Each structure stands twice: as C-alpha cells, then as structure tokens.
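Once you've had a glance at the structure underneath, I'll fire off some questions.
The values are calculated or read from the model by the stated rules, or taken from the named source; none is laboratory data. Values in this document were obtained by computation on a predicted structure and should not be read as measured data. Cβ coordinates were reconstructed from backbone atoms using ideal geometry, including for glycine residues, and neighbour counts include every protein chain displayed. We work out accessible area using only protein heavy atoms, side chains counted, and drop any ligands, DNA or RNA first. Shrake-Rupley method; radii C 1.70, N 1.55, O 1.52, S 1.80 Å.
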Amino acid sequence: MEDLRLGLLLNAVSPAVGGVLVRGEKGTAKSTMVRALAGLLPSIATVPGCRFACDPATPDPQCPDGPHPGSEVAERPAHLVELPVGVAEDRVVGSLDLERALAEGVQAYEPGLLAKAHRGVLYIDEVNLLQDHLVDLLLDAAAMGRSYVEREGVSVRHAARFLLVGTMNPEEGELRPQLLDRFGLTVEIAATRDADERAEVVRRRLAYDADPAGFAARWAGRERELAERIDAARELLPGVELSDLALRQITALCAAFEVDGLRADIVMARTAVALAAWAGRTAVTEEDVRTAARLALPHRRRRNPFDAPGLDEEQLDRTLAEHREPSEPDGPEDSDGPDGSDGPDRPEGPEGPEGPEDDGPDGGGPGGGGPGGGGGVPEPGVPDAPAGEAGSDDTPAPPRQRPGGGRESAPVAADRPYRTRLFKVDGTGRGAQGRRSPAETDAGHTVRARRPRGRLARLHLGATLRAAAPHQVARGRAGRALVLRRDDLREQVRRGRESNLVLFVVDASGSMAARQRMTAVKGAVLSLLMDAYQRRDKIGLVTFRGAGAELALPPTSSVEVGAARLEQLPTGGRTPLEAGLLRAHEVLRVERLRDPDRRPLLVVVTDGRATGGRDALPRARRAAGLLAAQGVAAVVLDCESGPVRLGLARELAAHLHGEAVSLDELRAEGVASLVREARTTTMTRKAA
C-alpha cells in the first residue's frame, strides 16, 4: 500500500499532478484509503454563498453566482465528492431547476457534482464501470478545467478543477485510453501475504467496529501531524528547483518508453517536484525522477487492451544512467539528504511523521509489499506463449494424452490482432450504453417525445409545454406559473448504441489442431475480443472438444481475462458441436434472467464438422435451430481451409439464421478493399 499512500499524498501536496488511478484486487481497502484522504486536505477559502466554491482572491468571472465584488471570506474543508457508477447525466453537470421553472416561470440552474467537486476531490469507485457518456463529460471537464452545460434551455459555464481519484478491479474490465491518460498517476495494489500484517489489519478493523469514536480519537494526533506535513510541503513546493539534468532524464524516459503525447512528461515533472517538496528538499534528485516514472508511466505504455501495465525496471535504470552527469555515481547516493533525512529515496521513512513501522496508522511493516515497490508482484495480462510454439508450419504441435481419452495439442500463440468488421444485433434494444447495436439509451440524441412509461426518467420540456399550453385558459392560469397536469408530462426518447453480450463458442477439436490454422483462428478471436473491448461489450467463452463443452469464461466485462483463457486453449479430440451449441443456449438463458435488456451476439468459431456418436451433424443442426428459435443473433466464423471444402460452417449459419464469415472476410480492411474493387469495376464498365 506504500505506493498508494505516496500517490495520494503527492496529489494532496500538488493537485496539479492530476489525480490517482488505483488498480487492484477486491477487498484491499482501496476505497477506504481514498476516503481517508479527505480528512488530510487543507481547508479552502471561498466566497460566502457561492455554490461554485469561487476563490475570493481570484473569483471566476464566469461564475453563475457572480460577480463577487466583496472581500468576505469563508473557510470550509475541501469536498470529497463521490460519483456513483449509476449516476444520471443531469446530476453530474447540473440542469434546469424544474421546480422554479414550472412554479415561478424563471430560468434557474441547479449545479451538479462537478460544481461541488471544484477545488476538491472527485472520487469514482469502480471507475471502469462508468457509462461512456459520463466518461465523455469527465474528459471535457478534466481537459478544460471548466464544465459547459447546454441543455433544456440552460447555457452555463463554471470552473471545475478537481483532483480525480478512481478505483477499479481490472478483472471487471479496463478503462478507455482517453480517460486512463487523464489520471496523473496509477498504482497497482494487492493484499499483503504476510500473516502478521493481515492479523494487524483484522485487529484494527475489529477495534474500530467496537468503538469507532475511540478508534478515531486514538489516531487523531498522527493524522494531524500528517496534515501539517502536507501544509509544509505545499509551502515549500514553489521553491523546488527542477534542474535541466532532471528534466532531460524525464523527457528521455518518456521517449524511451514510447508514451503518446507530452502529458506524461508534464505529469512526471510535477510529480518529481512534489516528491522533493514532500521530502523537505528544494532540488529534484534522480531518485525523485525514478519514483515519478514508476507512478506516471505504466498506464501510458499500453498499445492495445491486452498489454499489461508496468515498466521494465532494467530499461528504466539504463535510460537514467545514459542521461546522468559523468561525475555522478552509478547508484543512488547513500549520504543524508540536504534536510538531514535518510536520503532522497525515502520520503516516507519509518521514523518520519507517520512514526515507526510497527505501530503507524498505515499499518505498514518492513518490506513494503506495494506492487510498485520492487516486491515482484506479477502484473496482470496475457501470459506468454509456451516456448517453441512461434513457428508457422502446418505440422500439429506434439500431442499429449487427455485424461478422458483422445489426444490434445499444446496451446499455440495467436496471430497479431487486427481491426474487424462490425457485427450488430438487428432491431432496437434497451441495453446498457455502448458502441455496438442500435438502442434507446440514456445518452445519444433525442429523436422524439412520448408519454412516460412508468416513472418519468427524462423530461422533454418543450413537448411538455406544448402539451399543457392549449389548456391554460381552461385551467384558470393566473400569473407566470404554468398550470400542469400529469397527462401533460412527456419524456425524451433518445437513440444511441448499446453494448451486447458477445458469447464466443470456439471449436478446439482435433480438426482445428493444425498449428498455422489454429494460430490464425486465435488471432481472429483475439481481434473480435479487442473489438468487444472497444465497444464496451460483455464477453463469454464456451469451448468444445473431446467428450463435451465447457464454459471457459463466464460472461464478464474483463476482456483481458478472455484473451488469457484463449491463449491457454489447447486443441485435440472429437468435435462435439451439439454440446457446444447447447451449452451456449444454457449460458444465454441464465444471462437473460440476470440482465434481460442486454441482447446477445453469438459468435461460433468452427469448420462446421461434428463428430461423436450417431447423427452428430443432424443433432448439431437441431441445437442451432433451438438458438435460432430464441431470436439469438449469430455469426459463424468459417475456419475451413484447403482446396476441398465441405461448406458445413455455412450450412450451420443458415440453421442459426445468422451470417457466415471466412477468416479473410473478417478483416475490416479486407471488406474495404472488396468495396473499392467493386467500385472500380463498376466505373470501368460505365466508362466503356
């Protein structure tokens, strides 16, 4: 947890660092740690009565509550504003005050959570589950430092500069790269495996449950000391010098790790300066630069959704050494720092304001244990392919005997992923916001108004006024207030796109075992997984071979886990196609009960062959008919190759009432080239 503590404290010292993204397994007190930060933040000066927390020294000239000509000052704690995953858009940015608009006939703006978070902390638990249209709002506010509200006749601009802190469990899905880059720092945390430390955590938790007030009073002094140290570091911050040497090391590291853009350079510079101020120094050291790189670069290195975040420590040290002054020693200095501390690499030493390691309020013990602190905690991601499996020949991998009979081949690596065609579910759904199929969603553009179906969700103000206007005389309207009836209310119908459940049913039988063929098939499925990631889908994986089918990955938002399971998939044995389709039918039935609004897309990856008992192929076709009768949208990825083809996969697609696509037709660029060729042929014929 040391990296997490350090990241939060550095942002408290210098909010310009840009916030923290906390990645880690469940049950590691991520949320508890973030909420504890609020009590350490210095209070802020505000204009009395201003709902947008304007600073009296530099009030916002565009503040909706302005202008603020007076000199009165009010002190209050900095707000920690929590953004729930299911929050509505109008609650985030604010909206028209409907009560005043309808009762008094005036146009008034009701501020949202972004206004409340100004000059404070905006905390998003499970940030990776936030809906895309809310992510877009946060991106705009984080980039501009202002919130722009243009809705329901309201046009408002107000300052919205906040410290963005998010927590997430990578198993539940990754963040969009645009939002990921907005977090200044990222830390990976995991629960300690030391029995004594775990016992101390449990002991303190039980003590808090028994007497919360007494427990808080017991640690109030230590928290006060920590808050005072933050104040001292803030005062020292403007006087910290970032030398040309340190700046060259920062930019060299960003270039060496090939991060996109220049935001990483700026964040690293601010982090290194904050590290020096936190340690009580007025100059940035090489160790500050190294620590800043560990915190600011891992999440900016990813080139595709399946790359594991992290840094190559050897490359980090090598780059620093290449841009070090010739007279500087190879390792970090062991001498005391300028402030008399234990040196620049220990800004939070065990005898600092936090106290000794064995009884500090952070519960830290010797050895650290933080994922970024050199403890050797493995990074999540796709495992490396087994050695000796990168060849491209058609010879099957050496077989091994399966426990249930038959022979199977060791897993082979997948081809590099590529951009695929877009497959959609026909019709208009009502599922969660996404990027695949047409749907009525909370976001998107308004296409019409209608009478509410149940509880009013999104008022269509114009349509409501038009419905009520003809009846005002009959209702005896007096004054500016509008006389409304429930029948006048109209709600917005918005058209956007939804995410779907993409269920992969992959043939892993012996007929798919040729090395080059399975490599191409895995590359195709990996490409479809990347497409599902980008479109915010849930995915599941059913595999069939040998004696039956298994659910290799229950439906989840973590596409990375799906890629890992695919990489580990061996092949061999018979082809129980019927079992794979029936297992898919059962998975979809259960998911329909759990989430009835999320429509499925079935992707069957097979050559269409079916073995295992009498009438294997007719039984498989009957199973396909069962899925078609349920209205499941289906795509069959035809993996058949060679000069002689039976066309069984395309027959299966017909029984599924779906589309059959070959591996060559799956590529988006392949489809584009076919279109270009067709256009060229047509134009040539017209010219002739």
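Looking only at segment 476-528, which residues are outside any strand (DSSP E or B), more than 30 Å from V412 (Cα to Cα) and among the polar types (S, T, N, Q)? It would help to see each step written out before you state the result.
If we filter segment 476-528 for residues that are outside any strand (DSSP E or B), which is where we start, we get 476-490, 499-500, 508-528.
So of that shortlist, the ones also more than 30 Å from V412 (Cα to Cα) come out as 476-490, 499.
S499, the sole residue that qualifies.
What number of residues within segment 614-666 are among the small types (G, A, S) and over 22 Å from R583 (Cβ atoms)? Spell out the reasoning first.
Kept after step one, since they are among the small types (G, A, S), are these residues of segment 614-666: 616, 620, 623-625, 628-629, 631, 633-634, 641-642, 647, 649, 653-654, 658, 660, 662.
Within this subset, residues satisfying the condition of being over 22 Å from R583 (Cβ atoms) are 641-642, 647, 662.
So the count comes out to 4.
Being more than 30 Å from E591 (Cα to Cα), open to solvent by 20 Å² or more (accessible area, probe 1.4 Å) and of a type in the set (K, R), is that true of even one residue in segment 425-436? I'd like the intermediate steps shown before the answer.
Taking segment 425-436 first, the residues more than 30 Å from E591 (Cα to Cα) are none.
Scanning segment 425-436 turns up no residue that is more than 30 Å from E591 (Cα to Cα), open to solvent by 20 Å² or more (accessible area, probe 1.4 Å) and of a type in the set (K, R).
In addition: Out of the helices (runs of 4 or more DSSP H) lying entirely within segment 167-260, which hold 2 or more residues that are without any contact (Cβ under 8 Å) to a residue 40 or more places away in the chain, out of contact with any helix residue (DSSP H, G or I) (no Cβ under 7 Å at 6 or more places or on another chain) and hydrophobic (A, V, I, L, M, F, W, C)?
Values: elements: 177-182, 195-210, 212-236, 244-256.
In segment 167-260, the matching helices (runs of 4 or more DSSP H) lie at 195-210, 212-236.
How many residues does segment 33-51 contain that are outside any helix (DSSP H, G or I), out of contact with any strand residue (DSSP E or B) (no Cβ under 6 Å at 6 or more places or on another chain) and open to solvent by 60 Å² or more (accessible area, probe 1.4 Å)?
The total comes to 1.
Could you list, in sequence order, the residues of segment 420-471 that are more than 25 Å from V502 (Cβ to Cβ) and under 28 Å from the mean Cα position of the chain (by Cα)?
So in segment 420-471, the residues more than 25 Å from V502 (Cβ to Cβ) come out as 445-471.
Correct list: H445, T446, A457, R458.
Could you list all residues from segment 262-285 that are in a helix (DSSP H, G or I) and closer than 13 Å to E241 by Cα?
From segment 262-285, those in a helix (DSSP H, G or I) are 263-278; that's our starting set.
Selection gives A269, R270, T271, A272, V273, A274, L275, A276, A277.
The conditions are (1) farther than 18 Å from F423 by Cα; (2) assigned to a helix (DSSP H, G or I), and A552 fails exactly one of them. Which is it?
So the condition that A552 fails would be (2).
Let me ask you something else. Which one is surrounded by the most Cβ atoms within 10 Å (Cβ to Cβ) among residues in segment 467-485 that are in contact with a helix residue (DSSP H, G or I) (Cβ under 7 Å, 6 or more places away or on another chain) and of a type in the set (G, A, S)?
Filtering segment 467-485 for residues that are in contact with a helix residue (DSSP H, G or I) (Cβ under 7 Å, 6 or more places away or on another chain) and of a type in the set (G, A, S), the one surrounded by the most Cβ atoms within 10 Å (Cβ to Cβ) comes out as A468.
Within segment 488-503, how many residues are under 27 Å from L541 (Cβ atoms) and of a type outside the set (A, V, I, L, M, F, W, C)?
Here is the first cut: in segment 488-503, the ones under 27 Å from L541 (Cβ atoms) are 497-503.
Narrowing further to those that are of a type outside the set (A, V, I, L, M, F, W, C): 497-500.
Residues flagged as under 27 Å from L541 (Cβ atoms) and of a type outside the set (A, V, I, L, M, F, W, C) within segment 488-503 amount to 4.
Go through segment 118-136 and give me each residue that's aliphatic (A, V, I, L, M), assigned to a helix (DSSP H, G or I) and either at pLDDT 90 or above or surrounded by fewer than 21 Cβ atoms within 10 Å (Cβ to Cβ) (or both). Give the derivation first.
Initial filter on segment 118-136 (aliphatic (A, V, I, L, M)): 121-122, 124, 127, 129-130, 134-135.
Those still in the list that are assigned to a helix (DSSP H, G or I) too: 127, 129, 134-135.
Residues satisfying the conditions are L129, V135.
On to the next question. Does at least one position in segment 245-256 carry a residue that is of a type in the set (V, I, T) and open to solvent by 30 Å² or more (accessible area, probe 1.4 Å)?
Applying the first criterion (of a type in the set (V, I, T)) to segment 245-256 yields 250-251.
Next, from what is left, pick out any that are open to solvent by 30 Å² or more (accessible area, probe 1.4 Å): 251.
Yes.
Please determine, by comparing only the residues of segment 202-250 that are of a type outside the set (A, V, I, L, M, F, W, C) and touching a His at 6+ places or on another chain (Cβ under 9 Å), which one is farthest from R294 (Cα to Cα).
R248
Quick one: in segment 52-102, which of the residues that are aliphatic (A, V, I, L, M), touching a residue at least 60 places away in the same chain (Cβ under 8 Å) and assigned to a loop (DSSP other than H, G, I, E, B) is surrounded by the fewest Cβ atoms within 10 Å (Cβ to Cβ)?
Here the answer is A88.
Assess whether R565 counts as being touching a residue at least 40 places away in the same chain (Cβ under 8 Å) and part of a helix (DSSP H, G or I). Working first, answer last.
Numbers: touching a residue at least 40 places away in the same chain (Cβ under 8 Å): no; part of a helix (DSSP H, G or I): yes.
Considered against the rule, which asks whether it is touching a residue at least 40 places away in the same chain (Cβ under 8 Å) and part of a helix (DSSP H, G or I), R565 comes out as no.
Taking segment 623-651 as the search range and keeping residues that are open to solvent by 10 Å² or more (accessible area, probe 1.4 Å) and in a helix (DSSP H, G or I), which one is farthest from E591 (Cα to Cα)?
L648
If you don't mind, another one. Evaluate segment 20-32: report whether one residue or more is buried (at least 22 other Cβ atoms within 10 Å of the Cβ), outside any helix (DSSP H, G or I), among the charged types (D, E, K, R) and modelled with pLDDT of 85 or more.
yes
Looking at this structure, is R574 open to solvent by 10 Å² or more (accessible area, probe 1.4 Å) and either more than 24 Å from E665 (Cα to Cα) or touching an Asp or Glu at 6+ places or on another chain (Cβ under 6 Å) (or both)? Walk me through how you get there before you give the answer.
Numbers: open to solvent by 10 Å² or more (accessible area, probe 1.4 Å): yes; either more than 24 Å from E665 (Cα to Cα) or touching an Asp or Glu at 6+ places or on another chain (Cβ under 6 Å) (or both): yes.
Here the answer is yes, as R574 does meet what is asked.
Also: If A654 satisfies all but one of (1) free of Cβ contacts under 8 Å to residues at least 12 places away in the same chain; (2) part of a loop (DSSP other than H, G, I, E, B), what's the number of the condition it fails?
Exception for A654: condition (2).
Looking only at residues that are closer than 26 Å to L8 by Cβ and open to solvent by 60 Å² or more (accessible area, probe 1.4 Å) in segment 137-159, which one is modelled with the highest pLDDT?
So the first thing to find is which residues in segment 137-159 are closer than 26 Å to L8 by Cβ, and the list is 137-147, 159.
Next, only the ones that are open to solvent by 60 Å² or more (accessible area, probe 1.4 Å) stay: 140, 144.
Details: D140: 78, M144: 81.
Residue satisfying both the conditions and the ranking: M144.
Going residue by residue through segment 577-599, is there one that turns out to be in contact with a Ser or Thr (Cβ under 9 Å, 6 or more places away or on another chain), farther than 20 Å from E498 by Cα and either part of a strand (DSSP E or B) or open to solvent by less than 20 Å² (accessible area, probe 1.4 Å) (or both)?
Yes: segment 577-599 contains one or more residues that are in contact with a Ser or Thr (Cβ under 9 Å, 6 or more places away or on another chain), farther than 20 Å from E498 by Cα and either part of a strand (DSSP E or B) or open to solvent by less than 20 Å² (accessible area, probe 1.4 Å) (or both).
Where residues in segment 623-663 are farther than 26 Å from P596 by Cβ and among the charged types (D, E, K, R), which of them is modelled with the lowest pLDDT?
R645
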